[in-house]
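Everything on this sheet refers to the single structure shown next.
The values are calculated or read from the model by the stated rules, or taken from the named source; none is laboratory data. Just so you know, these numbers come straight off a predicted model, no measurement behind them. Positions of Cβ are backbone-derived with ideal geometry, glycine not excepted, and every protein chain shown enters the neighbour counts. These accessible areas exclude ligands, DNA and RNA; they are computed on the full protein's heavy atoms, side chains included. Shrake-Rupley method; radii C 1.70, N 1.55, O 1.52, S 1.80 Å.
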Amino acid sequence: MHKHAPGQVSALGHSSSPPPERTRLLWLLAAALVTVILWQVPLGNYILYPFTILATWFHEMAHGIAALILGGGFTKLLIFPDGSGLAYYSGPLFLEPISRALVAAAGPIGPPLAGAALIIASRNTKSASLALKILAVLLLVSTAIWVRSLFGIIAIPALGLVTLFISLKASSRTQAFAVQFLGVQACVSTYLQVGYLFSHSAGSLGISDTARIQEVLLLPYWFWGALIAASSFLILVRSLQIAYGSGPLLRIRSSART
């Protein structure tokens with residue numbers, strides 16, 4: 001039996017301590033899993049409250065921005081203390097009624113796309129810091145232009161200022177991890193209320209996003225819910241592969257088999 005010092009590589013090419021990028025990736029994956037689980041229990045919403053509000057902002061902003069891109073007007077955004085939110089848009093959209101389905105789909109699928117951009121931006125320190133600054137500015141500017149609920153006017157700038165502080169004062173390593181963590185939170189925010197994806201009703205708010213897609217594209221709401229949930233997971237995995245390269249992910253799978 002041969003003994004190796006910490007970090008020493010054996011003749012077989014295995015290290016006795018995991019590489020830093022693999023440890024960081026494992027922490028991110030663990031955080032994603034814990035976040036999804038906690039969001040399914042009542043106490044979890046309190047533990048993850050800032051990220052719940054951020055997830056709602058991502059969701060509602062995605063609705064509004066999609067409406068703008070498709071020719072409508074993004075009139076206002078409301079965010080409430082219970083973590084719910086509403087985005088209002090007006091005017092005719094291009095290619096009605098397909099555009100209505102796209103606006104509805106943007107809510108749950110937009111955040112994973114934004115999260116993927118944040119994760120990929122973490123590949124180097126300059127882009128990670130820039131991504132945090134851009135996110136902070138968007139939080140602050142969106143408040144001035146669209147947020148019209150009292151709670152949102154307080155909470156969203158607070159999140160923006162914290163993000164800006166990290167981008168200006170934190171170490172480059174902390175910034176890289178912060179932008180990755182926020183990106184992962186955005187990706188898994190689709191699962192904030194996973195039952196919502198597979199529900200026709202949104203309670204007092206009317207029908208769910210997936211039910212609105214069903215109205216136009218005919219296939220049942222649960223089909224669109226499953227497609228969005230699967231797409232969000234694949235977007236997260238692919239963005240982590242791009243950020244880290246395939247090496248760490250392959251090493252994790254290899255370790256699981258040994």
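General remarks:
- Taking residues in region 230-246 that are open to solvent by 40 Å² or more (accessible area, probe 1.4 Å), and partners anywhere that are outside any helix (DSSP H, G or I), the pairs with Cβ atoms closer than 8 Å and at least 6 places apart or on different chains are 242/123.
- Which numbered condition residue 87 misses (of (1) within 17 Å of residue 74 (Cβ to Cβ); (2) in contact (Cβ under 8 Å) with a residue 60 or more places away in the chain; (3) aliphatic (A, V, I, L, M)): (2)
- Condition met for residue 145 (surrounded by fewer than 23 Cβ atoms within 10 Å (Cβ to Cβ), free of Cβ contacts under 8 Å to residues at least 12 places away in the same chain and not charged (D, E, K, R)): yes
- The helices (runs of 4 or more DSSP H) found entirely in region 1-74 that carry 3 or more residues being among the aromatic types (Phe, Trp, Tyr) and modelled with pLDDT of 85 or more are 49-69.
- The set of residues in region 25-74 being open to solvent by less than 70 Å² (accessible area, probe 1.4 Å), without any contact (Cβ under 8 Å) to a residue 24 or more places away in the chain and farther than 23 Å from residue 116 by Cα consists of 41, 44, 73.
- Which listed residue is surrounded by 18 or more Cβ atoms within 10 Å (Cβ to Cβ) and either part of a helix (DSSP H, G or I) or not aromatic (Phe, Trp, Tyr) (or both), from 223, 181: 181
- None of 134, 79, 119, 98 is open to solvent by 50 Å² or more (accessible area, probe 1.4 Å) and either within 18 Å of residue 163 (Cβ to Cβ) or touching a Lys or Arg at 6+ places or on another chain (Cβ under 9 Å) (or both) except 134.
- Flag if residue 205 is of a type outside the set (Val, Ile, Thr) and modelled with pLDDT of 95 or more: no
- Residue 21 satisfies every condition listed in (1) farther than 26 Å from residue 201 by Cα; (2) within 17 Å of the chain's Cα centre (by Cα); (3) surrounded by fewer than 19 Cβ atoms within 10 Å (Cβ to Cβ) except (2).
- The set of residues in region 138-169 that are under 19 Å from residue 63 (Cα atoms) and either at pLDDT below 95 or not hydroxyl-bearing (Ser, Thr, Tyr) (or both) comprises 138, 139, 140, 141, 144, 145, 146, 147, 148, 152, 153, 156.
- Sole exception among (1) assigned to a helix (DSSP H, G or I); (2) open to solvent by 10 Å² or more (accessible area, probe 1.4 Å) for residue 93, by number: (1)
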